[in-house]
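Sending over a structure as C-alpha cells; questions will come in a sec.
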Amino acid sequence: MSEPPEKRPPSLCLVVPCKDEAPVLEETTRQLEAVIERLVARGLVAEATILYVDDGSTDETWALVERLAARSPYVEGLKLSRNFGHQNALYAGLMHTRADVAVSLDADLQDDVTVVETMLEAHREGYEVVYGARRCRRVDSLGKSLPARIYYKLLHLMGAEVVDDHADFRLLGRRALDALAEFREVHLFLRGLVPLLGFKSKIVYYERQARFAGETKYGPRKMISLALDGITSFTSAPLKLIAWVGLFASITAIGLAIWALSIKLFGRTVPGWTSIVVPLYFLGGLQILATGVLGIYVSKLYGEVKGRPRYIVEAEARPRVKPSPNGDNRPAS
Ligand code: UDP
Ligand code: MG
C-alpha cells in the first residue's frame, strides 16, 4: 500500500531577503546548509533550497549569490531590478518558490536557524502557519525595543491582529502560500496579512541573536514607514478616532459657550485672552492632525489604485550542482 500523501516529507524553501548582505552570506549559507542536512537526515523534509532574494543591493551580494549557487547544491537566487523593500523582497521569494513549505528568515542570522527544525515538526503535526516569536529583545537597543512594544500594544488596541514580538521569521505551508497569493494589496505588511489567512497556526519562541555582521538596513525612516503601513493597512481606527475627537471638541466648545454667556450675564466679564487663544490653537492643531491622518489614508488608496507591481525580477540563479547522498557534490548534468 502506498503512503498517504501527507505523510511524505515536504520540500522546503528557505526564503532569505538580502540587501547589502555580502559580509554575512557565506556564514549564513554554511549554517543553513547544516540545518538542511539535518532536516533531510531526520526525514522532516525530502529536499530543500535556500532562496536568496537580492533586493537591489549595491555591494557584492548578487555576485556572491551566483557564486554560492554554482558551488552549493541548495542555493538559488532571485535578483530584483531595484530596492523594493524588505516586505516586497520577502513576498517575491514566497511567490517564486514552488516548494511545499517556505520558511522566511533574515540574512543576518538574527533568527535562530535551529528553530526551523521545530517549525517543521509543527508543520508535520498539521500546523499550516508557524510563527517564530522572540522570547526577549535583549540584543535590540532600548531605543528599538521600547517603541516596538508600544507599537504592538497600539496595534492590538486598534483591532489589528498581529502576533506579539513576531517579525518575519515564519513557516508557511503550500495552502497558506496559495492563499497569500490571492491578496492584492500593494502596501505589504506581512505580519498583519498572515493572521488573516486563517489555517491552524502555532507560535514557537526563540532568542533573538545579535546581527552576525554588517549593519541594520532598517533605519528610523523605514521603521516608521513600516509601522504606518501596519496601522493604516489593517485598521481604520484612526479615522474613527478623529470623528470621536471632533465630537468631543464640539461638545466642549458648546460647554465653553454656555460658560462664557453665563459670565457675561452675571456681569463679571474678564477680557479673556486665554479663553480665545487656547481653544484656537487646540482646535487648529486638531484640524491639521485630522487632515494629516486622512491624507495618509488617501495616499495609500492612491498607491493601491495604481496597482503597480510589487516587485520586478531581473535575474535568477539556480544551483548548478545537485545534492548527493554521500556529501560529495558534483556539477549536475
Ligand atoms: N532587507 C531587504 N531590503 C531592505 C532592507 C532589508 O531585503 O530594503 C533585508 C535584510 O537584508 C535582512 C532583512 O531584510 O535580511 C532584515 O533587515 P535588517 O536585519 O537590516 O533589519 P533589523 O533586523 O535590523 O530589523
Ligand atoms: Mg536583522
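Name every residue in segment 14-61 that is open to solvent by 10 Å² or more (accessible area, probe 1.4 Å), of a type in the set (D, E, K, R) and either under 14 Å from V113 (Cβ atoms) or in contact with a Cys (Cβ under 7 Å, 6 or more places away or on another chain) (or both), in order of residue number.
If the condition is that a residue be open to solvent by 10 Å² or more (accessible area, probe 1.4 Å), of a type in the set (D, E, K, R) and either under 14 Å from V113 (Cβ atoms) or in contact with a Cys (Cβ under 7 Å, 6 or more places away or on another chain) (or both), then E27, R30, E33, E37, R38 are the ones that fit.
Regarding segment 171-182, can at least one residue be identified that is in contact with a Phe, Trp or Tyr (Cβ under 7 Å, 6 or more places away or on another chain), over 21 Å from P147 (Cβ atoms) and assigned to a loop (DSSP other than H, G, I, E, B)?
The answer is no; no qualifying residue exists.
Name the helices (runs of 4 or more DSSP H) wholly inside segment 196-306 in which the number of residues that are within 16 Å of ligand 1 (Cβ to nearest atom), modelled with pLDDT of 80 or more and open to solvent by less than 40 Å² (accessible area, probe 1.4 Å) is 3 or more.
220-234
What pairs come up if the first residue lies in segment 167-192 and is of a type in the set (V, I, T), the second is modelled with pLDDT under 90 and in a loop (DSSP other than H, G, I, E, B), and their beta carbons are under 8 Å apart, counting only those six or more places apart or on different chains?
V186/G307; V186/R308
May I ask you to list the residues in segment 65-86 that are open to solvent by 10 Å² or more (accessible area, probe 1.4 Å) and either within 13 Å of ligand 1 (Cβ to nearest atom) or assigned to a helix (DSSP H, G or I) (or both)?
Correct list: E66, R67, A70, R71, K79, R82, N83, F84, G85, H86.
Could you tell me how many of the residues in segment 88-114 are more than 15 Å from ligand 2 (Cβ to nearest atom) and not in a loop (DSSP other than H, G, I, E, B)? Explain how you work it out, then say what you get.
Here is the first cut: in segment 88-114, the ones more than 15 Å from ligand 2 (Cβ to nearest atom) are 88, 91-103, 114.
Filter again for not in a loop (DSSP other than H, G, I, E, B), leaving 88, 91-96, 101-103.
The total comes to 10.
Is there a residue being of a type in the set (D, E, K, R), within 16 Å of ligand 2 (Cβ to nearest atom) and in a loop (DSSP other than H, G, I, E, B) anywhere in segment 23-46? Give the derivation first.
Applying the first criterion (of a type in the set (D, E, K, R)) to segment 23-46 yields 26-27, 30, 33, 37-38, 42.
If we keep only those that are within 16 Å of ligand 2 (Cβ to nearest atom) as well, we get 27.
Those left that are additionally in a loop (DSSP other than H, G, I, E, B): none.
No.
Can you tell me which residue in segment 102-136 is nearest to ligand 1 (Cβ to nearest atom), limited to those that are in contact with a strand residue (DSSP E or B) (Cβ under 6 Å, 6 or more places away or on another chain) and within 16 Å of E76 (Cα to Cα)?
A107
The values are calculated or read from the model by the stated rules, or taken from the named source; none is laboratory data. The shown structure was predicted, so the numbers you read here are calculated from the model rather than taken from an experiment. A quick note on method: Cβ atoms are made from the backbone with ideal geometry, for glycine too, and the neighbour counts reach across all protein chains shown. Just so you know, the surface numbers come from the protein's heavy atoms only, side chains and all, with ligands and any DNA or RNA stripped out. Shrake-Rupley method; radii C 1.70, N 1.55, O 1.52, S 1.80 Å.
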